[in-house]
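Structure record follows, encoded as structure tokens.
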Amino acid sequence: MIATRTPDVPPQAGGASASASRLVAFATFMLPIGALLLLWEGTVRLGLADATILPAPSMIVARAWELLNPVGSQHSLLLMHIGVSLWRALAAFVLACLVAIPLGFALGLSKGAYRALSPLLSLLLPLPAVAWTPIFLVAFGQGDITIIGVCFLGAFFPVLYSTIQGVRGIGVHAIWVVRSMGAGPMDLFRRVLLPGALPALISGLKLGMAHSWRTLVAAEMLAALSYGLGYMIFAARSYMDVSTMFVGIVCLAVIGLLIEHAIFGTLERMTVARWHSSGKVRGAR
Amino acid sequence: MSTTDLASAKPLSVAGATPLLRNIFARFGVIVVLLALWELAARLGWINTFLFPAPSNIAATIWTQSGPDGNPPYAMPMHVLRSMIRLLAGIALALIIGTVLGVLIGMTRWARMLFQPLISIFMPVPTLAWTPVLLLLTGIDDRTTIIVVFIAAVFEVIYTIVAGIEMMNVKLFWVARSMGASRLQIFFRVIIPAIFPYLITGLRLGTGYAWRALIAAEMLAASSFGLGFMIYDASEYMSTNVIYAGIVLIAVLGYLLENVLIGRLEAATTEKWGVQSER
């Protein structure tokens, strides 16, 4: 998206000048962000904004340090929240993959099943996963089962949909050729179906994890009993603790970015970009 | 697992039967069969009817809640209407602000340098994480939900518009400029028509996100009406009928919004202006 497109810098040959121009690019990228933070800080310091409603960045950093509690004797509260949130999102994501990928392959391979189920899918796909929360709340009450269940549904449909699209995108000819050469079902799966569906599958996984993470926030606000970033933000509302809310928001954004770029970006580079490198745009997606 | 499926998939069109009936059955057959099974299982007591009330009961709930006997009277239309108003208000805001920002980013160097970093730090924040902050800033009223809808939709609008401008042919500007068009004229006569199809695509994607965000925001931040409020409120009274009724409405409305309404609009604009391939 636009986000990843850093200012255009012509690639230069010399090592020193290249790193210098990258530095300049980074500086021009950070400049507006720094300016915004300074402006924000100044507004609060000068008393133009109410610090209890809009705390200055320095106060948010101080609050984050306090919550992180790196030198204290007790456990770090912020890390607990982050850990619990990550655990829930990952559990939901893994469960969703375990169900959605095999189902996606089955539906992608069988035209009849796909045609029969596609109306159902197109009805369920745009349905917000959070809408299921009340049902889970009635059935299981507040707690991890509800949260993971809702995130599971959030991750399930993107993964399923991309898997189906990936499998359906494989040309019939490739399958015929390999089969006519005497490949068994396992060979077919390993040599044709899996690599063929992989680009769509990986983007589906990425989307699924992103959905799981985004759904998690809402689910934790609605149904968490104790820990989790969403719970932290929503509970801070009762104490008018806006600094804690902003700490939570920053953590959510940073972790979301890390998952998307550090984990799935690497996965994409290791697999799709290496296998389908011809004609694909690298870097910018 | 794959071999038999693939073999049988090829010569499907041979079988007779009237094509229209087949088509209808193929489209809705599975849904109808599933609903019938569900109804049967609920009637025969195979499943917990408290957690899975029969489809006929859910339909009856929608019917009574839509009429004067609802609680409050005409509850369903009121909830739907309120949700739609919030959605429209938020999307209208996103369209206006998103278009302006998108055109600025696409056309001018300073806006690109200024806004791109800011957008890239705000975009990864899950939209709903803003809800508690907005609640403190504005209180529990429509403003919170409308702003959440706005945030959910605006990035998609900006993104597609910037992409649209990048796809534009520079010669169009040269021609317009050389004929002495003013900036305003260029904006309304050249840029807006050129990015319009992209705007519609952005609108469709943005509406999808906005609809999801709206339901969740209403669960967190609405005090009286809205589909999200309705289902969350119903969960506190354990009335699963109402929850399922709400989910059905949310699914159907979401489908209609994204695919039928805006899909039509998109098809019409692509037909009229012809996107992508030419520019």
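Just a few scattered comments:
- For segment B:72-145, the share of alpha carbon pairs falling in successive 10 Å distance bins from zero is 16, 32, 33, 14, 5, 1 percent.
- Between the residues B:Thr201, B:Leu128, B:Ile58, the greatest Cα displacement towards the positive end of the dipole of chain B, with unit charges on the Cβ of Lys, Arg, Asp and Glu, is found for B:Thr201.
- In terms of other Cβ atoms within 10 Å, A:His261, A:His75, B:His79, A:His211 run from fewest to most in the order A:His75, A:His261, A:His211, B:His79.
- Taking the Cα centre of chain B as origin and assigning +1 to Lys and Arg Cβ atoms and -1 to Asp and Glu Cβ atoms, the resulting dipole is close to 1060 debye.
- Estimated from helical segments only, the mean residue ellipticity of chain A at 222 nm is -23000 deg cm²/dmol, where each DSSP H run of four or more residues counts as -39500 (n - 2.57).
- Ordered by the number of other Cβ atoms lying within 10 Å of each residue's own Cβ, fewest first, B:Arg143, A:Arg269 fall into the sequence A:Arg269, B:Arg143.
- Relative pair counts by distance (%), Cα atoms of segment A:32-105, 10 Å bins: 17, 24, 23, 20, 13, 3, 0
- What you get for chain A, charging only the Cβ of Lys and Arg (+1) and of Asp and Glu (-1), is a dipole of about 1140 debye around the Cα centre.
- Principal axis dimensions, segment B:179-245 - Cα atoms, whole angstrom, descending: 68, 20, 13
- Shape parameters for segment B:63-187, alpha-carbon atoms, Rg then Dmax in Å: 20.2, 67
- Relative to its residue count, segment B:153-279 spans a Cα convex hull of 111 Å³ per residue.
- Going from the residue with the fewest nearby Cβ atoms within 10 Å to the one with the most, B:Val100, B:Val154 rank B:Val100, B:Val154.
- Cα centroid separation, segment A:128-158 to segment B:43-102 (Å): 19 Å
- In summary, the helical segments of chain A meeting the span-like criteria, namely a full DSSP H run, a Cα extent along the axis of 24 angstrom or more and a mean Kyte-Doolittle hydropathy of at least -1.0, are A:15-45, A:77-109, A:144-168, A:194-223.
- Convex hull projection area averaged over all views, the protein assembly as shown, Cα basis, nm²: 33.6 nm²
- If the chain linking A:Arg22 and A:Ala91 were pulled fully straight, counting 0.36 nm for each residue of separation and taking away their Cα-Cα distance, it would gain 21.0 nm.
- Computed over chain B, the per-residue total of -39500 (n - 2.57) for DSSP H runs of n ≥ 4 gives a 222 nm mean residue ellipticity of -24500 deg cm²/dmol, rounded to 500.
- Looking at chain A, the pairs of alpha carbons with a distance over 32 Å make up 43% of the total.
- For segment B:63-273, the alpha carbon positions stretch 67, 38, 23 Å along the principal axes, listed from largest to smallest.
- Estimated FRET transfer efficiency (A:Val172, A:Val99; beta-carbon r; R0 30 Å; 0.05): 0.65
- Kirkwood-type radius of segment B:21-120, with distances r between different C-alpha atoms, in Å: 18.4 Å
- Ordering A:Ala218, A:Gly265, A:Leu201 by Cα displacement along the dipole of segment A:79-275 toward the positive end leaves A:Leu201 in first place; charges were set at the Cβ atoms of Lys, Arg (+1) and Asp, Glu (-1).
- Applying both filters, DSSP loop and at most 10 other Cβ atoms within 10 Å, to the chymotrypsin sites (Phe, Trp or Tyr not before Pro) of segment B:234-263 gives B:Tyr237.
- Which of B:Gly67, B:Gln116, B:Met167, positive extreme of dipole for segment B:41-173 (C-beta unit charges): B:Met167
- Summarising the label geometry, the points placed 7 Å from Cα in the beta-carbon direction at B:Val175 and B:Trp63 lie 6.0 nm from one another.
Bear in mind that the values in this text are calculations on the coordinates, not laboratory data. Here the structure is a predicted model, which means the values were calculated and not measured. A quick note on method: Cβ atoms are made from the backbone with ideal geometry, for glycine too, and the neighbour counts reach across all protein chains shown.
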